[in-house]
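Q: Can you keep this structure in mind? I'll have questions shortly.
The values are calculated or read from the model by the stated rules, or taken from the named source; none is laboratory data. Every value quoted in this text rests on a predicted model; they were computed, and no experiment measured them. Don't worry about glycine lacking a Cβ; one is built from the backbone with ideal geometry, like all the others, and counts go over all protein chains shown.
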Amino acid sequence: MSELTVLLVGVGGYGTGYVREMLDHGAERGATLAGVVDPYAATSRFYDELVATGVRFFDTVEAFYAQNTADLAVISTPIQFHAHQAVYCLTHGSHVLCEKPAAATVEDVERMMAARDETGKTLAIGFQWCYDPAMLALKADVDAGLLGRPLAMRSIVLWPRPISYYKRGLGWAGKKRDASGAAIFDNVASNATAHYIENMLWLTGQGYGGVDVKDMAVDTLRANDIEMFDTIVMDARLENGARMFFVASHATGPEGWQNPAFEYEFENAVVRYGALGENGDRLIAAFRDGTVKDYGVSSTGGCDHKLETAIALARGGDAALPCPAEAAIRHTRAMAMLREKRPEAEVFPADAVREDDGMVWVPGLKDRLVHCYENWAML
Ligand SMILES: NC(=O)c1ccc[n+]([C@@H]2O[C@H](COP(=O)([O-])OP(=O)(O)OC[C@H]3O[C@@H](n4cnc5c(N)ncnc54)[C@H](O)[C@@H]3O)[C@@H](O)[C@H]2O)c1
């Protein structure tokens, strides 16, 4: 197996997962570090281990490619940098695995796709659920028509986040644009819980290309002092006729956890993941004829499968790419539609909001959102 070189762009935050993967499993995958691009690399939890490998550090992709090349670039930087960095890496000879969301705007994702097409390189987007073996097995059954047409899908995830979440790194979280005017549009649905919208668009689309939202009603609200929103209830229609209902919040407070749960109704089966009040991680389809198919534990986290796939593709293998930009742009388009429908989030009334232990939250919000989920109701 010839040695494959990997450039890591962004090695703090979520990028630490890719650092860990490369340090722990790079050798067995025949992959070595070509370099690290991160102007604040020293703040990475694994900086010392990276230094110990002898890898070279750069502040920009421009500085790296001035004298180096890489077979694969893995981009795990704040959203506003994705398009520029992905296009730069592609046009300088690298295949790219870019973290989700693909970018902040549809135009940015289209630029990335154009660079991919011009260079003939691979552009993989890091919605990891698309790379998960159990989810892929379900997807194969959906594509084979075993479940029939998708009818109505609902999904909920309540992940309380402290104020420090919004202040981390460059302070880009919750912002519409950065100081240079670059689009970010970071919010609970575009970032942390994006997977659970993307999953519905991906699973019920054609092959790995996904399906678009046709129309939506949406409530967006904020308790935190941010430019976008930390709470959403969305009731959408997809181009394939299915209903997509989505509930998420970062403002439900210390006791307000609900790990991802969904219920997808198809003509022939109902697929469930987790449940209200539970922390389930199995993907199970109950068919109308009484049979049950357990697809197994389905992980919504982790970098392993996507990095493995990106490495296989960079080697020129014929591995399928389960999350191409064609799929991820469906989520970006949904976010653009959402901003059109709700240019500004509603603000929770001051007397409904509490701040303690470094968290801003709304007492009782979890119950209200669970009610929305159970009743397919807007907030
Ligand atoms: N797949 C997932 O489950 C998942 C989870 C969390 C975050 N993410 C995604 O990962 C990306 C990064 O998010 P985060 O929460 O880790 O952000 P973060 O701000 O915590 O970390 C970003 C990292 O990028 C570095 N960085 C900043 N500017 C840079 C630049 N110009 N060039 C190179 N590096 C730069 C920072 O120093 C830091 O190390 C986002 O796209 C986010 O949506 C994905």
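Q: Could you please give the count of residues in the stretch 38-75 that are part of a strand (DSSP E or B) and without any contact (Cβ under 8 Å) to a residue 40 or more places away in the chain?
A: Matching residues across the stretch 38-75 total 2.
Q: With the structure loaded, tell me whether G290 is surrounded by fewer than 21 Cβ atoms within 10 Å (Cβ to Cβ), modelled with pLDDT under 95 and at positive phi or whether it fails that test.
A: no
Q: Does at least one position in the stretch 59-78 carry a residue that is surrounded by fewer than 21 Cβ atoms within 10 Å (Cβ to Cβ) and within 10 Å of the ligand (Cβ to nearest atom)? Write out each step before concluding.
A: Narrowing the stretch 59-78 to residues surrounded by fewer than 21 Cβ atoms within 10 Å (Cβ to Cβ): 59-60, 62-63, 66-69.
Checking which are within 10 Å of the ligand (Cβ to nearest atom) leaves us with 59-60.
Yes: the stretch 59-78 contains one or more residues that are surrounded by fewer than 21 Cβ atoms within 10 Å (Cβ to Cβ) and within 10 Å of the ligand (Cβ to nearest atom).
Q: Right, here's the next one. Looking only at the stretch 31-58, count every residue that is polar (S, T, N, Q), within 14 Å of the ligand (Cβ to nearest atom) and in contact with a helix residue (DSSP H, G or I) (Cβ under 8 Å, 6 or more places away or on another chain) and tell me the total.
A: The number of residues fulfilling the criteria is 1.
Q: Can you work out which of the residues in the stretch 299-345 that are surrounded by 22 or more Cβ atoms within 10 Å (Cβ to Cβ) and assigned to a loop (DSSP other than H, G, I, E, B) is nearest to the ligand (Cβ to nearest atom)?
A: Across the stretch 299-345, the extreme among qualifying residues is C303.
Q: Quick test for you: out of T16, T43, pick the one residue that is surrounded by 17 or more Cβ atoms within 10 Å (Cβ to Cβ) and within 25 Å of the chain's Cα centre (by Cα).
A: Details: T43 fails: surrounded by 17 or more Cβ atoms within 10 Å (Cβ to Cβ).
Checking each option against the conditions leaves just T16.
Q: Return the residues of the stretch 162-182 that are within 24 Å of E355 (Cβ to Cβ), within 11 Å of the ligand (Cβ to nearest atom) and assigned to a loop (DSSP other than H, G, I, E, B); say none if nothing qualifies.
A: The answer is R168, G169, L170, G171, W172, A173.
Q: Can you say whether Y88 is within 20 Å of A63 (Cβ to Cβ), touching a residue at least 24 places away in the same chain (Cβ under 8 Å), of a type in the set (F, W, Y) and not in a loop (DSSP other than H, G, I, E, B), as far as the supplied structure shows? I'd like the intermediate steps shown before the answer.
A: Working: within 20 Å of A63 (Cβ to Cβ): yes; touching a residue at least 24 places away in the same chain (Cβ under 8 Å): yes; of a type in the set (F, W, Y): yes; not in a loop (DSSP other than H, G, I, E, B): yes.
Answer is yes for this residue.
Q: Of all residues in the stretch 91-129, which are in a helix (DSSP H, G or I), within 21 Å of the chain's Cα centre (by Cα) and away from the ligand (no atom under 15 Å from the Cβ)?
A: Within the stretch 91-129, V106, E107, E110, R111, M113, R116 meet the criteria.
Q: I would also like to ask the following. Using the structure shown, decide if A152 is in contact (Cβ under 8 Å) with a residue 40 or more places away in the chain and over 20 Å from L283 (Cα atoms).
A: Answer is no for this residue.
Q: While we're on this one: Tell me, please, whether a residue that is surrounded by fewer than 16 Cβ atoms within 10 Å (Cβ to Cβ) and either assigned by TED's automatic domain parsing to the domain that holds T332 or touching a residue at least 12 places away in the same chain (Cβ under 8 Å) (or both) can be found in the stretch 195-208.
A: yes
Q: Let me ask you something else. If you check every pair at least six apart or on different chains, which have Cβ atoms under 6 Å apart with a residue in the stretch 252-263 that is assigned by TED's automatic domain parsing to the domain that holds T231 and surrounded by 18 or more Cβ atoms within 10 Å (Cβ to Cβ) first and a residue that is modelled with pLDDT of 95 or more and of a type in the set (S, T, N, Q) second?
A: F262/S155
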